[in-house]
Amino acid sequence: MADRRTLNIVILGLGFLFIFTAFTTCGNVEHTVVKSLENSTFSGSGFHSLGIIYGVFSFSNLLAPMVVAVIGPKICMFISGLLYSGYVAVFIAPSTWALYFTSVLIGVAAALLWTAQGQFLVANSEASTINRNTGMFWALLQCSMLFGNLYIYFEWNGRTEIPDDSRRNVFLSLMVVSIVGTLSFLALSASRHEEDVLSEDEGQSLLSTPMMYKNRADSAIQDTKSDFRTIRQLLTDKTIVLLSPCMAYSGLELSFYSGVYGTCIGATAQFGAAAKGLIGISGIVVGVGEIVGGGLFGLLCKNNRFRRTSVVFLGMVVHFVAFYLIFLNTPDDAPVVFSTATQKEPFLTPSVSIALLCSFLLGLGDSCFNTQLYSILGRVYAEDSMPAFAIFKFVQSVFAAVAFFYSGYLMLTWQLLLMVILGFGGTLCFFMVERMQNFSIDLQEH
């Protein structure tokens, strides 16, 4: 049983590795690809597409647990994987309506995929193995930022424009990778808990298969209603209110490092023929920052003397240094140019080393904020962790969607300034929450 559960976690991680190798790479380069299309009939925007995905995801997240409970995590992950593959396939022969339609579908698919992943991971873990299994899964997932972006570097390095045949080859390869990850979900076997549920359902539904699904749906609806009541209560809780600016900031910087910054690098005229290939290298270095930060702060925070506030403060400083260097090193019109090259001159002569250093700092700072937000929510809301995390993902996704929509219109300076203001306010609010929790613990001890 233990071996089968471990194998399930490995297959789950590999499936996500393949799917997100395709999707993360796609998100990193899609706005650059859209701008380079030799097609006068295409009027889509990569930023708007990503904004739609995160907007739909934020609301779908609230209903996804009910759907997963009815049809099961394995089927949900398989269907979601197919929709992810369809989104990547759109860029093989781009059309505006297909881009936006699949953006809506993938927003729903993302909510189902991540909800099903959480349920499947828990179902295949015990108290003694949950940390190990979570670590295995996230290690495989984070590697998704490496391989696809490396392919982009080798394919597009030395190109000032992206020809149609190169674009088709890249996205056809990414689609195949995504399909392989989707098919791997079919190799997942049911855990003991799922087998018990299935046998229970079969015993209760010998007369009618539809009755089995009706019973599951009724139970899921009751659970969803209970979760909504808890969410409504938590929305007025002082801790959630104070953490909201930090959650919102995590959404803004998520959109920036996952889609906007790569576009800025690819549009920097001073990088010449290396610009398009550097998008891939930047994505890899962001991933390295995420992996280093996740591993380092996961270990450090096991030490009670190393406070969450120290990690969040470090994340703020790291991000602010990155924003300042980006401000100096990157043309102000990089996110908004309609062609593939910038017209404005930055304060410094653009340096590849500084650009990639900023990529690493963006990934490192993101891991600081996300690990500590998960940590404090899990600590404060140990009994209501799922509704608390649902609120976190909702706020984060809404602000990521908003950021993607304005990213194609606001100059880089204003985007950086918005993140600095919200990042500083979010860090202060996080400090207040941590102080409240420490004060509460001290009261209980005395």
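Numbers at a glance
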| item | result |
| --- | --- |
| FRET efficiency, Ile92 to Glu161 (Cβ-Cβ, R0 30 Å, nearest 0.05) | 0.95 |
| Lys, Arg +1 and Asp, Glu -1 on Cβ, resulting dipole of region 236-438 about Cα centre, debye, nearest 20 | 420 |
| Candidate values [x] 21.9, 79; [y] 22.2, 74; [z] 22.5, 83, label of the one derived for Rg and Dmax of the Cα atoms in Å | [y] |
| Packing-based ranking, highest mean first, of 157-166, 277-286, 6-15 given that Cβ atoms within 10 Å are counted | 277-286, 6-15, 157-166 |
| Cβ crowding within 10 Å averaged over residues, with 231-243, 51-63, 23-35 ranked highest first | 23-35, 51-63, 231-243 |
| 15 Å beta-carbon shell around Phe360, net charge (K/R +1, D/E -1) | -3 |
| Cβ-based charge dipole, region 236-438, positive-most Cα from Ser250, Val318, Met432 | Met432 |
| Listed residue (Gly363, Trp138, Leu113) projecting farthest to the positive dipole end of the chain, Cβ model | Gly363 |
| Convex hull of Cα atoms in region 236-438, direction-averaged projection (nm²) | 11.0 |
| Peptide ranges 72-85, 251-264, 370-383 listed from the most packed, as the mean C-beta count within 10 angstrom indicates | 251-264, 72-85, 370-383 |
| Student exercise, the chain dipole from Lys, Arg, Asp, Glu Cβ charges, in Debye to nearest 20 | 360 |
| Net charge of Cβ neighbours under 11 Å - reference Gln343; Lys, Arg +1; Asp, Glu -1 | -2 |
| Taking the convex hull of Cα positions in region 314-398, its mean projected area over all directions (nm²) | 7.1 |
| Farthest positive-ward along the chain dipole, Cα basis, beta-carbon charges - from Gln415, Ser397, Phe16 | Gln415 |
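Any read-out appearing in this document is the output of simple, stated calculations on the displayed coordinates, not a laboratory observation. Not measured: the values here are computed from a predicted model. So basically every Cβ, Gly included, is an ideal-geometry build from the backbone, and we count neighbours across all protein chains shown.
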